[in-house]
Amino acid sequence: MGERRPRGRSFACPCYDGGVHVVPSPLTEPADLRASLPGAAEIETWVRAYLRHAPVSLVVREINRLIAFAAMAGTHGPVLDVGCGDGFWWTVRAESREVYGVDISEREIAQAKTRIHAALTDVSAETPFPGIEFREIIGNCSLEHIPDIDAALSHLRSAAAPDGRLLMFVPTPRWAFQGRTQSLLLERAPRLAMTLAGALNGFFQHWHLYDVKVWTRLLAQNGWRVTAAYGLGSARSEFLFRLFMPPAFGEFLVKKTTGQYPSKLAARLPDAALEPLVRLVTWAVQDPVCAADSGTAYEYMIVAEATEPLR
């Protein structure tokens, strides 16, 4: 499955020098991926583990990404997680490869070191783990937070093996306008809707909110060729995410102070007590993948292979 290359159409990608570079269209059909998605029993196990670690809203998002990642993940060579946080992601599903992670938070890296090979590293300033060539690099909702994105993508290209691959999750430009309330405000009070969306993006420090074609061009300029792009999300997962967002904000602030989500207390609960939430989250992520240009896509999963930079 690590050698799998999704189908795509070709389109012209202009370069800075006025040339034209032909690359596969990123708008890959979701059906190409759905056949490889994990089964319900495996997903329930992931949900149960994550509910003992993080707030429900985050669980919905992370499980959605885990499902998509499981269908695309390679099987050979070391893997690098950019913005690995506490490394919990890698404890949920079985992983036979050596996993390395980088983050700019000392507190998060201290926890990650108990789970994976981790180092305090700013990828916009240096190449992570010099001397190691990574077959796969994962950007799990991290690259949009890096101000100097060109430097980061260039350093990641330097860290990649000749046949390396980058798999990145990044928010769509309109993610903050999703949900019934925001949709209604956007229709009737666009200034207010845009103000709220700007506040959300500012709170989460989203420096980069681009369309797939813009990401494709940025990646190409820094040594990456996009081979596929999918959307993540559905109406039901968005509903659950928004429903539990208020307490999730509170938990996020607590973690900034203590280093742990209060949801960790759920580790003391028996499985039976968590089953209603397990079923609810599993229901919400039943249809995790959609077209990149779908109205329900809150996030892109972009797949790119290492190539020569277009300079």
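Report yes if W207 is buried (at least 22 other Cβ atoms within 10 Å of the Cβ), among the aromatic types (F, W, Y) and under 19 Å from H145 (Cβ atoms), otherwise no.
Criteria not met by W207.
Which members of the stretch 227-255 meet the condition of being in a helix (DSSP H, G or I) and in contact with a Ser or Thr (Cβ under 7 Å, 6 or more places away or on another chain)?
Matches in the stretch 227-255: A235, E238, F241, M245, A248, E251.
Those residues that are touching a residue at least 12 places away in the same chain (Cβ under 8 Å) and under 13 Å from F239 (Cα atoms), I need them from the stretch 182-194; list them, please.
If we filter the stretch 182-194 for residues that are touching a residue at least 12 places away in the same chain (Cβ under 8 Å), which is where we start, we get 182, 193.
Across the stretch 182-194, the qualifying residue is only Q182.
From the list S36, S57, pick out the single residue that is assigned by TED's automatic domain parsing to the domain that holds A159, out of contact with any strand residue (DSSP E or B) (no Cβ under 6 Å at 6 or more places or on another chain) and either assigned to a loop (DSSP other than H, G, I, E, B) or under 15 Å from Q286 (Cα atoms) (or both).
Sole residue among the options that is assigned by TED's automatic domain parsing to the domain that holds A159, out of contact with any strand residue (DSSP E or B) (no Cβ under 6 Å at 6 or more places or on another chain) and either assigned to a loop (DSSP other than H, G, I, E, B) or under 15 Å from Q286 (Cα atoms) (or both): S36.
Need the failing condition index for T181 against (1) surrounded by fewer than 17 Cβ atoms within 10 Å (Cβ to Cβ); (2) assigned to a helix (DSSP H, G or I); (3) within 18 Å of the chain's Cα centre (by Cα), just the number.
The one condition T181 does not meet is (3).
Are there any pairs, at least 6 apart or on different chains, whose C-beta atoms fall under 7 Å, with the first in the stretch 257-279 and in a helix (DSSP H, G or I) and surrounded by 11 or more Cβ atoms within 10 Å (Cβ to Cβ) and the second acidic (D, E) and at pLDDT 90 or above, and if so, which?
P262/E251; S263/E251; V278/E44
One residue is enough: does the stretch 90-113 have a residue meeting the conditions crowded, with 21+ Cβ neighbours inside 10 Å, among the aromatic types (F, W, Y) and assigned by TED's automatic domain parsing to the domain that holds L240?
Yes, the conditions are met somewhere in the stretch 90-113.
Sort out for me the helices (runs of 4 or more DSSP H) sitting completely within the stretch 70-170 that have 3 or more residues that are in contact (Cβ under 8 Å) with a residue 12 or more places away in the chain and within 26 Å of A49 (Cβ to Cβ).
89-92, 106-112
The values are calculated or read from the model by the stated rules, or taken from the named source; none is laboratory data. Given the structure is predicted, the values throughout are model-derived calculations rather than measurements. Using ideal geometry, Cβ is built from the backbone for each residue, glycine included, and neighbour counts are taken over all protein chains shown.
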